[in-house]
Each structure stands twice: as structure tokens, then as C-alpha cells.
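Read the structure below first, then the notes.
The values are calculated or read from the model by the stated rules, or taken from the named source; none is laboratory data. The structure displayed is predicted, hence computed values, not measured ones. Note that we place each Cβ from the backbone using ideal geometry, even for glycine, and neighbour counts take in every protein chain shown. Heads up: the accessible areas ignore ligands, DNA and RNA and are worked out on the full protein's heavy atoms, side chains in. Shrake-Rupley method; radii C 1.70, N 1.55, O 1.52, S 1.80 Å.
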Amino acid sequence: MNGYRFMDLALAEAARAAAAGEVPVGAVVVGPGARVLAAAGNRTETDRDPTAHAEMLAIRAAALANGGQRLADCDLYVTLEPCAMCAGAISLARIRRLYYGADDPKGGAVVHGPRFFQQPTCHHRPEVYAGIGETAAAKLLRDFFQARR
């Protein structure tokens, strides 16, 4: 299964989140042997939890499935550039590679804002690949917010 297939899974999670009235962001954690350990979409409204971002939920579930907090041999696919909170979790989990779709100039923390992984206090920096599935991810977000205006 190639990387675009994993991003397709993250996009499907984002679409499910949108259908539930959540901001359409989806994430998938892939472990050794290209095994999907966890997948999630945003649930901040559903769970009434400001930390229930797709990345946080997927990382938590993957850590449980993997039997430990370190996910050093895992990759994360997410439809939107992670925020500072999620970037911190990615670093603490020791995610090997981060693949994300759309840039988030307002709330992103990887190539925008604080550029979390470039800070001297960041202990682990994943390899970062941006723009995977960007068009589809941006369209989901654009359509979601247009429908609410």
C-alpha cells in the first residue's frame, strides 16, 4: 500500500468527521509492515474535548495498539498541517515520518507559526513531507466552512 493510499484513509476519516459536524481533519498511524495501527477524525465537538484532534486520537490509539508510548517505527498521515499541540505529541511519540496534506497558515505549527520541529527545545524531529493529497484535503475544508457561512 503506497503513501497516497494511507492519505486516502485519512481523507475518509476527515469526511466522516465533516459528516458529524466536526472540522474535517483525519489522521492515520502506520506501523511496521505497512499495518494501519489507528485512524481517527476530529472529535472536539463530539467529545467536548479541545484536545480531540485527529492526530491526538490516532496517536493515542496507536500507542495502545503498539504496546507503548514510543512510535519510532511509525508514520503519521494527516490531512492538515498539525497545530502546536499535535506537533508536540508527534515529537513526544517519536513518530518517524509525518505526511500531511493542506498547509494551515493560521493554525499550523510545522511550516507555519512556531515551526515546532525547528525549535532547539524539540527533542525529536520527524521527517516531514507536505502536500500529499493537498487538493482533496483543502477542498474538504473549504466546502465544510462554506456550508457554515
Give the carbon-plus-sulfur fraction of the accessible surface of the stretch 43-149 in %, rounded to a whole number; probe 1.4 Å, heavy atoms of protein chains only.
53 percent
Which whole-Hz couplings ³J(HN,Hα) result when phi for each residue of the stretch 8-17 is put into the Karplus expression 6.51 cos²θ - 1.76 cosθ + 1.60, θ = phi - 60°, listed in order with x for Gly and Pro?
4, 5, 5, 5, 5, 5, 5, 5, 5, 4
Using the heavy atoms of the protein chains alone and a 1.4 angstrom probe, what is the accessible area of the chain per residue in square angstrom?
50 Å²
Along the dipole axis of the stretch 78-149 (charges at Cβ: +1 for Lys and Arg, -1 for Asp and Glu; origin at the Cα centre), the most positive-end residue among Ala147, Tyr100, Gly113 is Ala147
Can you bin the stretch 1-141 into rounded, prolate or oblate? Criterion: square roots of the alpha carbon gyration tensor eigenvalues sorted a ≥ b ≥ c, rounded for a/c under 1.5, prolate for a/b above b/c, oblate for the rest.
rounded
So what are the ³J(HN,Hα) numbers for the stretch 108-121, from phi and the Karplus equation (6.51, -1.76, 1.60; θ = phi - 60°), rounded to whole Hz, Gly and Pro as x?
x, 9, 9, 10, 10, x, x, 6, 3, 6, 8, 6, x, 7
Residue by residue through the stretch 26-42, the couplings from Karplus 6.51 cos²θ - 1.76 cosθ + 1.60 with θ = phi - 60°, in Hz, x for Gly and Pro, are x, 9, 9, 9, 10, x, x, x, 6, 8, 6, 8, 6, 9, 7, x, 3
In degrees, nearest 10, range 0 to 90: what is the angle between the Cα axis of helix 54-66 and the longest Cα principal axis of the chain?
40 degrees
Please list, in chain and number order, the residues 5+ apart from Val128 or on another chain whose amide H is under 5 Å from its amide H, with Hs placed from the backbone.
Leu98
Given H placed on each backbone N at 1.01 Å, which residues far from Leu71 in sequence or on other chains put an amide H within less than 5 Å of it?
Arg94, Ile95
With n ≥ 4 as the cut-off for DSSP H runs, can you work out [θ] at 222 nm for the chain, using -39500 (n - 2.57) per run divided by the number of residues, rounded to the nearest 500?
-12000 deg cm²/dmol
